[in-house]
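The values are calculated or read from the model by the stated rules, or taken from the named source; none is laboratory data. Everything numeric here is computed off the predicted structure, so don't read it as measured data. Neighbour counts are summed over all protein chains in view; Cβ atoms, including those assigned to glycine, are modelled from backbone coordinates with ideal geometry.
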């Protein structure tokens, strides 16, 4: 059994192409089926016209403010500009002054291009969403799932508080980093889930990502190994087939791939002590796939 939803923040990350967004949506569905009130988020595309997570829920894009996507699940996009606005509102109580400041082309250019300022906007947007309450002292969302970007960009975001605090140890930005940092570093509040495939290169990058996240004090929930192949053959059947099958036979690559997948998983278990959750490959697509993976996650979660 795995504690998938015991902490409020689930950061879902991993190498591009491993099924990170699919697993994020399935985790949201599984949490909702477990009775949790869920918010699922993803980072805005720089051009603002494409959000992969939105497609899973039948939309082109997600809004910057939470909207219901499915029963028990709200969703929104993490938009740097929304985080910048929220930060300025916390510093400048007069909304008219904030609107005037955000209307400045020079300021917008600075926020979009200066090192770490885009990450700061995303960070503060996450923070404001986590601070939403349904009643005093009761969070609006039990679980907030963040479909993080690929490995390198994830480390840029999780390492943001440390970088900014080193540059600006006091002042409003430092105070914001101190307020928001526990949502990325407190093991009682946060866990990072690394999505990978049972293949050598994705596994190697996942182990490097774990090392980087631990360097930023980000708690590791575990590794979600996606699309694990099931071996339909017994050991005796496989031994009988190996001498006669060649690359010309239909299904040969999968026949060999099962063995390679099993070896890679075994090697992964020897190289890290973190929890490993195997997600089988399902011959499904679209919402049927999300439902199947969600049911699998409900089955293995506490």
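Just checking, which of 11, 69 is crowded, with 21+ Cβ neighbours inside 10 Å, within 14 Å of the chain's Cα centre (by Cα), closer than 30 Å to residue 279 by Cβ and at pLDDT 85 or above?
11
Among the residues making up the stretch 269-285, those that are touching a helix residue (DSSP H, G or I) at 6+ places or on another chain (Cβ under 8 Å) and either closer than 18 Å to residue 223 by Cα or in a helix (DSSP H, G or I) (or both) are 271, 272, 274, 276, 277, 278, 279, 280. Selection over the stretch 19-35 of residues that are touching a strand residue (DSSP E or B) at 6+ places or on another chain (Cβ under 6 Å), at pLDDT below 95 and either over 15 Å from residue 197 (Cβ atoms) or not in a helix (DSSP H, G or I) (or both) gives a count of 1. Scanning the stretch 192-212 for residues that are closer than 29 Å to residue 164 by Cα and either without any contact (Cβ under 8 Å) to a residue 60 or more places away in the chain or surrounded by fewer than 22 Cβ atoms within 10 Å (Cβ to Cβ) (or both) turns up 205, 207, 208, 210, 211, 212. Inspect the stretch 106-118 for any residue being in contact with a helix residue (DSSP H, G or I) (Cβ under 7 Å, 6 or more places away or on another chain), modelled with pLDDT of 85 or more, within 25 Å of residue 14 (Cβ to Cβ) and in a helix (DSSP H, G or I) and give the result as yes or no. Scanning the stretch 106-118 turns up no residue that is in contact with a helix residue (DSSP H, G or I) (Cβ under 7 Å, 6 or more places away or on another chain), modelled with pLDDT of 85 or more, within 25 Å of residue 14 (Cβ to Cβ) and in a helix (DSSP H, G or I). Residues that are touching a strand residue (DSSP E or B) at 6+ places or on another chain (Cβ under 6 Å) and in a helix (DSSP H, G or I) within the stretch 169-203 comprise 183, 184, 202, 203, listed in sequence order.
May I ask you to list the residues in the stretch 272-302 that are more than 22 Å from residue 52 (Cα to Cα), touching a residue at least 24 places away in the same chain (Cβ under 8 Å) and out of contact with any strand residue (DSSP E or B) (no Cβ under 8 Å at 6 or more places or on another chain)? 298, the sole residue that qualifies. When residues in the stretch 124-153 are screened for being modelled with pLDDT of 90 or more and in a helix (DSSP H, G or I), 7 of them pass.
The conditions of being outside any loop (DSSP other than H, G, I, E, B), farther than 22 Å from residue 28 by Cβ and touching a strand residue (DSSP E or B) at 6+ places or on another chain (Cβ under 8 Å) are not met by residue 211.
From the list 251, 222, 156, which one is at pLDDT 85 or above and either buried (at least 20 other Cβ atoms within 10 Å of the Cβ) or out of contact with any strand residue (DSSP E or B) (no Cβ under 7 Å at 6 or more places or on another chain) (or both)? Explain how you work it out, then say what you get.
Numbers: 251 fails: at pLDDT 85 or above; 222 fails: either buried (at least 20 other Cβ atoms within 10 Å of the Cβ) or out of contact with any strand residue (DSSP E or B) (no Cβ under 7 Å at 6 or more places or on another chain) (or both).
One residue alone meets the criteria, 156.
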